[in-house]
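Working notes, structure below.
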Amino acid sequence: MAIPVTTGAGAGIPETGGELTAAGPRRRTALRRFTQAIRTNRKATIGVALMAIFIFVSLFPGLLAHQSPTAFSSKITAAPSAAHWLGTDNIGADIYAQVIDGTRNVMILAITVGGLTTAFAMVIGVAAAYLGGVWDGVLNFVTDVLLVIPIFPLLVIVASLFPSAGNDELILVLSFTGWSYTARQLRSQAQSMRSRDFLLAARVRGERSIYVIIVEIIPTMTSLLLASFLNNALYAVLAGSGLQFIGLGKSNNVSWGTTLYWANQNAAWTTGRYLWFIVPGLCIALLGVAFAFINYAFDEIGNPALRPLSAAKARKAAEASTRRRLASHGARAS
Amino acid sequence: MRLILRRAGFFLLTLWACLSLNFFLPRLMPGSPADRIISHLHGAVDQSTVRAIELSLGINNSQGIWSQYFTYLGHTATGNLGLSYSQGEPVSKVIAGALPWTLGLVGITTILAFILGTTIGAVAAWRRGSRFDSVMPPLFVFTTAIPFFWVGMVLILIFSVELGWLPGSGNVGQLTIPSFSASYIGDVLDHAILPSLTLLVTGIGGWVLTMRNNMVTTLTEDYVRMARAKGLSSVRVMTDYGARNAILPNLTGFAMSLGFVVSGAILVEYVFNYQGVGYYLLNAVGYDDYPLMQGLFLIITMAVLIAILLSDVATAILDPRTRTAG
Amino acid sequence: MAHALADDQHGVTSPREQGPILQIRDLSVEYVLESGIVGAVDKVSFDLNPGEFLAIVGESGCGKSTLLFGIAQLLNPPAEISGGSVTFRGRNLVRLSDKDLAAVRWKNMSVVMQSAMNALNPVKSVGAQFKDAMRAHGVTSSDEIDQRSATVLRMVGIDPVHLKSYPHQLSGGMRQRSMIAMAMLFTPELIIMDEPTSALDVVAQRSLMAQIKDLQREFGFAVIFVTHDMSLVSHYSNRLMVMYAGQISEVGPTRDLFDSPRHPYTVGLTEAFPSIRGPKVPLTGIPGSPPDLAKPPEGCRFAPRCPQVMLRCETDPPPQYEVDGILVRCFLYDNAGGAR
């Protein structure tokens, strides 16, 4: 599973900063820089492309699959055929339809949990940093406890208490356990901001704490928030599928993890129904890769030192320099 | 030193938090947890059985909830973790049987992943701009995003079903009798190869990436330039000046990542029917065997906390700045 | 090794007939970036004589530190030497392999960097860092290592008990001085210093400078000292080199340069540091900012800011002219035939 790879606070896309000078044109050029960065960075391109595909499939499943993913039929665990591209499962439902339809639930899970977790972490992290004192200590303790407790066993126990859990319960359970790492990161970022001049200026102006937090601090943390969102979405995809795989959270929940559950229950790999588990698993992997690549690419965009030094580019640059030197020599000689 | 003691104190508090979670969570749900267990036992059970089950869960309706709580805490402290009805044995016995298998598999694989991963990451950073460095990071970003259990299934498919080289299930053959003989050990290793390969493939990526990123930053530091200026060999610069500093954030990251390692291990054991702690945990879910689930949760948490404590000690040893800060 | 140490105890006496120990010819350093090439150092040439103290001054970004690291072969990518030679003890360092360089490093040429907090390995004790330098050059006897380490520390006024200390346990001034001690381990012929006093307060700065000068007088090594603070080196250096936008704009004996600067840039610099004893003069800065070295100007690089700019300055790059023992890169001093 993913270990958060960002190298610390501040990684990510370059900020437009907290300054309010000519916000209009500045934001537009930032957007252009952003899209250009995505186009040139190969990881970002792949990640965004994959993500676009998945978003498309989740929005318009009807375009791609026409059979019901849950209907009983007499053709049980059939091999792939023209009618059923990936075969059928143990109740005769079309697996291909499950994969296509399941995309939506997985995306909903990923985005909702990503957003909720990040939002929750933001509230806790910034509040802890800003309020300080006893509040800081208490919030810190809770955060740290959740950090060290192994999340997956906790998830298993909590999820097992809801025997008829579906996607919504999964979302809740994942959100309430996954925020601690992000909260830690945001808190340290917010803390380093506390003494910055523009914040002191706001306080001197007499602005209330809430105002300072929302209007001044949070916009400067956009890159970290974005990276956290992506990381948490990735966590949701992997942890959510994991839970579904062991049979939790599968009520009325057509999803890749659930499909894998049934594949496992019916020992798909021993009965030759390889595609039953290869395809959904591959989808999980690809979606995870999309999130991870985008996140890693933002890391590189924000921190040029990490960018891959392409040998070809270096050679081109060196050739350009020799050409220039020869040209200037020629000019001076004449 | 003081730092370590503080951490240990924090961990005891965490354990207490776990225990409290264990105690209160099932009670927050509608219906008594005992009901759920009873439903597995198909059919009418008499009052004394019900009471026995409730007692094993720490439910004693003749006491108030707080005295139940303290009795529960007391029992745990003395090692009485209740009865696992799905295994028919005391929970502590189940744990004692499963723990060595998990420690062996997960412990060794994690250490291996850490060593291999940080080495690859360090070399990749040292050889920036080479083919090695442009291939490795994307490759490992890819592997960190793949679900553990799927990799396990794929490996079973390839090596067990198709090629028949390695067993795809169990931690030891069905009919093998435990002994210290070579054949037994060979059998154990045979069964451990695929699970550990799974854990290794998915776990190594994180180490590679964080180490590489740290090294790249470290290598731009002045003290690395100084080391070159002194005429030290490249190997020495890379290890003594580069890696030794770059690895420090990794050690703290190790603590964070243990949560992921644990979840991966649990799923891998499940996929491979490898009878360690994770396998029993997931099995217990199917039976609503709360005592076993809670006991395993506790053990897993304790193991993680000990590992974190060890990595803190390692950091204190390797980084003299933390010692004086204590 | 013992032999070399014995020499040092009596003070190195290198006969003047040896000639310059360092000869830089047309050295150029470029930064190869994705957005283009930036020429940080442009065809710099000069000689350094044994025991000489050469100060290199200039504003931020003029290329002085890059030049220094270029000389010491310590550039980090994307910086690279794009031309020229660095002849030290008869060999061109630019062409040498890492192995051959390693033999020269530290033994004959050592480096002192700006911030000791960054230049010393935070996880190794000071003594350990001395030790690995010595072991890299074949000193294996731990007695010798201990003795030499203690000796160099005492040279800079630090109690040898601090060999066991870690960098973060020492004060800023002590750290800086231990770096100088480390540079003295083999009493090299040349010590290169990159703004070693910038991280210190004014009092510590002067005391460190005095210490360096004392050591230099005692052991006779040459020093190249880079700084942005001209007044700091005015008393201690033999020669002063002013750099601007990657080129040497003026170089010559320190006192002469200070008393009567020729190049308009140097004039501007000296006027920015009024003397505490001289007459009151209004402070004048130099308006404008240095050129973008990705696209350097056609003619003189200082032309856009020069108060005495002429027409030809904007189209022709001026060569260096010799005036009373000083080299000036300025057309003001072009008396036909005086060009170098």
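The values are calculated or read from the model by the stated rules, or taken from the named source; none is laboratory data. These figures come from a predicted structure and were not determined experimentally. In this analysis, Cβ positions are derived from the backbone assuming ideal geometry, glycine residues included, and neighbour counts consider all displayed protein chains. Quick note on the areas: whole protein, heavy atoms, side chains included, nothing else; ligands and nucleic acids left out. Shrake-Rupley method; radii C 1.70, N 1.55, O 1.52, S 1.80 Å.
Here B:Tyr270 meets the list (1) open to solvent by less than 20 Å² (accessible area, probe 1.4 Å); (2) farther than 24 Å from A:Tyr181 by Cβ; (3) among the aromatic types (Phe, Trp, Tyr) almost entirely, failing just condition (1). Scanning the stretch A:43-63 for residues that are open to solvent by 60 Å² or more (accessible area, probe 1.4 Å) and either within 17 Å of A:Val279 (Cβ to Cβ) or modelled with pLDDT under 75 (or both) turns up just one, A:Ile53. Checking each residue in the stretch A:238-294 for being facing chain B (nearest Cβ under 7 Å), within 27 Å of A:Ile157 (Cα to Cα) and either of a type in the set (Ser, Thr, Tyr) or free of Cβ contacts under 8 Å to residues at least 12 places away in the same chain (or both) picks out A:Ser241, A:Ala285.
Okay, residues lined up against (1) more than 24 Å from B:Thr252 (Cβ to Cβ); (2) assigned to a loop (DSSP other than H, G, I, E, B); (3) open to solvent by 20 Å² or more (accessible area, probe 1.4 Å); (4) within 12 Å of chain B (Cβ to nearest Cβ):
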| site | (1), (2), (3), (4) |
| --- | --- |
| A:Ile124 | no, no, yes, no |
| A:Tyr130 | yes, no, yes, no |
| A:Leu155 | no, no, no, yes |
| A:Phe162 | yes, yes, yes, yes |
| A:Asp168 | yes, no, yes, no |
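Suppose the filter is assigned to a helix (DSSP H, G or I), within 17 Å of B:Met136 (Cβ to Cβ), more than 8 Å from chain A (Cβ to nearest Cβ) and aliphatic (A, V, I, L, M); does B:Ala243 pass it? Considered against the rule, which asks whether it is assigned to a helix (DSSP H, G or I), within 17 Å of B:Met136 (Cβ to Cβ), more than 8 Å from chain A (Cβ to nearest Cβ) and aliphatic (A, V, I, L, M), B:Ala243 comes out as yes.
Regarding the stretch C:113-124, can at least one residue be identified that is of a type in the set (Val, Ile, Thr), free of Cβ contacts under 8 Å to residues at least 60 places away in the same chain, outside any strand (DSSP E or B) and more than 27 Å from C:Val226 (Cα to Cα)?
yes
Residue count for the stretch C:285-338, restricted to those that are surrounded by 12 or more Cβ atoms within 10 Å (Cβ to Cβ) and at positive phi: 0.
When you look at A:Val134, is it assigned to a helix (DSSP H, G or I), among the β-branched types (Val, Ile, Thr) and under 25 Å from the mean Cα position of the chain (by Cα), yes or no? Spell out the reasoning first.
Numbers: assigned to a helix (DSSP H, G or I): yes; among the β-branched types (Val, Ile, Thr): yes; under 25 Å from the mean Cα position of the chain (by Cα): no.
In short, no.
Does any residue of the stretch B:230-238 turn out to be under 22 Å from C:Pro78 (Cα atoms) and touching a Pro at 6+ places or on another chain (Cβ under 8 Å)? Within the stretch B:230-238 (the criterion being under 22 Å from C:Pro78 (Cα atoms) and touching a Pro at 6+ places or on another chain (Cβ under 8 Å)), the answer is no, since none of the residues qualifies.
Consider B:Arg212 carefully, then state whether it is touching a Pro at 6+ places or on another chain (Cβ under 7 Å) and either within 14 Å of chain A (Cβ to nearest Cβ) or open to solvent by 40 Å² or more (accessible area, probe 1.4 Å) (or both). Taking the combined requirement at face value, the residue satisfies it.
Just give me the residues in the stretch B:215-232 being within 7 Å of another protein chain (Cβ to nearest Cβ) and among the hydroxyl-bearing types (Ser, Thr, Tyr), in sequence order.
Taking the stretch B:215-232 and keeping what is within 7 Å of another protein chain (Cβ to nearest Cβ), we get B:216-217, B:220-223, B:225-226, B:228-232.
Matches in the stretch B:215-232: B:Thr217, B:Thr220, B:Tyr223.
When residues in the stretch B:68-87 are screened for being small (Gly, Ala, Ser) and either touching a Cys at 6+ places or on another chain (Cβ under 7 Å) or free of Cβ contacts under 8 Å to residues at least 40 places away in the same chain (or both), 3 of them pass.
A single member of C:Ser110, C:Ser178, C:Ser149 is outside any helix (DSSP H, G or I) and among the small types (Gly, Ala, Ser), and it is C:Ser110. If you go through the stretch B:88-134 and keep only what is open to solvent by 30 Å² or more (accessible area, probe 1.4 Å), free of Cβ contacts under 8 Å to residues at least 24 places away in the same chain and within 12 Å of another protein chain (Cβ to nearest Cβ), you end up with B:Arg127, B:Ser130, B:Arg131, B:Phe132, B:Ser134.
Can we say A:Gly240 is modelled with pLDDT of 85 or more, surrounded by 24 or more Cβ atoms within 10 Å (Cβ to Cβ), over 30 Å from C:Val32 (Cβ atoms) and not aromatic (Phe, Trp, Tyr)?
Details: modelled with pLDDT of 85 or more: yes; surrounded by 24 or more Cβ atoms within 10 Å (Cβ to Cβ): yes; over 30 Å from C:Val32 (Cβ atoms): yes; not aromatic (Phe, Trp, Tyr): yes.
Here the answer is yes, as A:Gly240 does meet what is asked.
This table checks each residue for (1) of a type outside the set (Phe, Trp, Tyr); (2) surrounded by fewer than 22 Cβ atoms within 10 Å (Cβ to Cβ); (3) more than 24 Å from B:Ile306 (Cα to Cα).
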| position | (1), (2), (3) |
| --- | --- |
| A:Thr88 | yes, no, yes |
| A:Ala97 | yes, no, yes |
| A:Val106 | yes, no, yes |
| A:Ala110 | yes, no, yes |
| A:Gly115 | yes, yes, yes |
| A:Thr118 | yes, no, yes |
| A:Asn140 | yes, yes, no |
| A:Asp144 | yes, yes, no |
| A:Leu147 | yes, yes, no |
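For the stretch C:258-279, which positions are at pLDDT 75 or above, out of contact with any Lys or Arg (no Cβ under 9 Å at 6 or more places or on another chain) and in a loop (DSSP other than H, G, I, E, B)? Explain how you work it out, then say what you get.
Keep residues of the stretch C:258-279 that are at pLDDT 75 or above, which gives C:258-271.
Then drop every residue that is not out of contact with any Lys or Arg (no Cβ under 9 Å at 6 or more places or on another chain), which leaves C:258-262, C:266-267, C:269-271.
Listed by number, the residues that qualify are C:Ser260, C:Pro261, C:Arg262.
In the set (1) over 25 Å from A:Thr220 (Cα atoms); (2) within 14 Å of chain B (Cβ to nearest Cβ); (3) within 22 Å of the chain's Cα centre (by Cα), A:Phe141 fails one condition alone, (3). Just one of the listed residues (B:Gly173, B:Gly152, B:Gly168) is touching a helix residue (DSSP H, G or I) at 6+ places or on another chain (Cβ under 6 Å), surrounded by 14 or more Cβ atoms within 10 Å (Cβ to Cβ), modelled with pLDDT under 80 and closer than 23 Å to A:Ile278 by Cβ, and it is B:Gly168. Filter the stretch C:152-175 for residues that are open to solvent by less than 10 Å² (accessible area, probe 1.4 Å) and in a helix (DSSP H, G or I) and give the result. Selection gives C:Val152, C:Leu153, C:Pro167.
Whether any residue in the stretch C:58-67 is open to solvent by 10 Å² or more (accessible area, probe 1.4 Å), modelled with pLDDT of 90 or more, farther than 22 Å from C:Asn238 by Cβ and more than 9 Å from every other protein chain (Cβ to nearest Cβ) is what I want to check. So far as the stretch C:58-67 goes, yes, one or more of its residues are open to solvent by 10 Å² or more (accessible area, probe 1.4 Å), modelled with pLDDT of 90 or more, farther than 22 Å from C:Asn238 by Cβ and more than 9 Å from every other protein chain (Cβ to nearest Cβ).
Could you please let me know if A:Ile210 is modelled with pLDDT of 85 or more, more than 30 Å from A:Ala83 (Cβ to Cβ) and out of contact with any helix residue (DSSP H, G or I) (no Cβ under 6 Å at 6 or more places or on another chain)? Don't jump to the end; show me each part of the working.
Values: modelled with pLDDT of 85 or more: no; more than 30 Å from A:Ala83 (Cβ to Cβ): yes; out of contact with any helix residue (DSSP H, G or I) (no Cβ under 6 Å at 6 or more places or on another chain): yes.
Considered against the rule, which asks whether it is modelled with pLDDT of 85 or more, more than 30 Å from A:Ala83 (Cβ to Cβ) and out of contact with any helix residue (DSSP H, G or I) (no Cβ under 6 Å at 6 or more places or on another chain), A:Ile210 comes out as no.
Answer with yes or no whether B:Gly278 is surrounded by 24 or more Cβ atoms within 10 Å (Cβ to Cβ), touching a residue at least 60 places away in the same chain (Cβ under 8 Å), out of contact with any Cys (no Cβ under 8 Å at 6 or more places or on another chain) and within 19 Å of B:Met136 (Cβ to Cβ). Here the answer is no, as B:Gly278 does not meet what is asked.
Quick grid of which residues meet (1) at pLDDT below 90; (2) open to solvent by 40 Å² or more (accessible area, probe 1.4 Å); (3) within 8 Å of another protein chain (Cβ to nearest Cβ); (4) touching an Asp or Glu at 6+ places or on another chain (Cβ under 7 Å):
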position: C:Val86; (1), (2), (3), (4): no, no, no, no
position: C:Leu96; (1), (2), (3), (4): yes, no, no, no
position: C:Asp100; (1), (2), (3), (4): yes, yes, no, no
position: C:Ser110; (1), (2), (3), (4): no, no, yes, no
position: C:Gly127; (1), (2), (3), (4): no, no, no, no
position: C:Ser141; (1), (2), (3), (4): yes, yes, no, no
position: C:Gln147; (1), (2), (3), (4): no, yes, no, no
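Listed by position, the helices (runs of 4 or more DSSP H) inside the stretch B:247-326 whose residues that are more than 9 Å from chain A (Cβ to nearest Cβ) and modelled with pLDDT under 85 number at least 3 are B:290-318, B:320-325.
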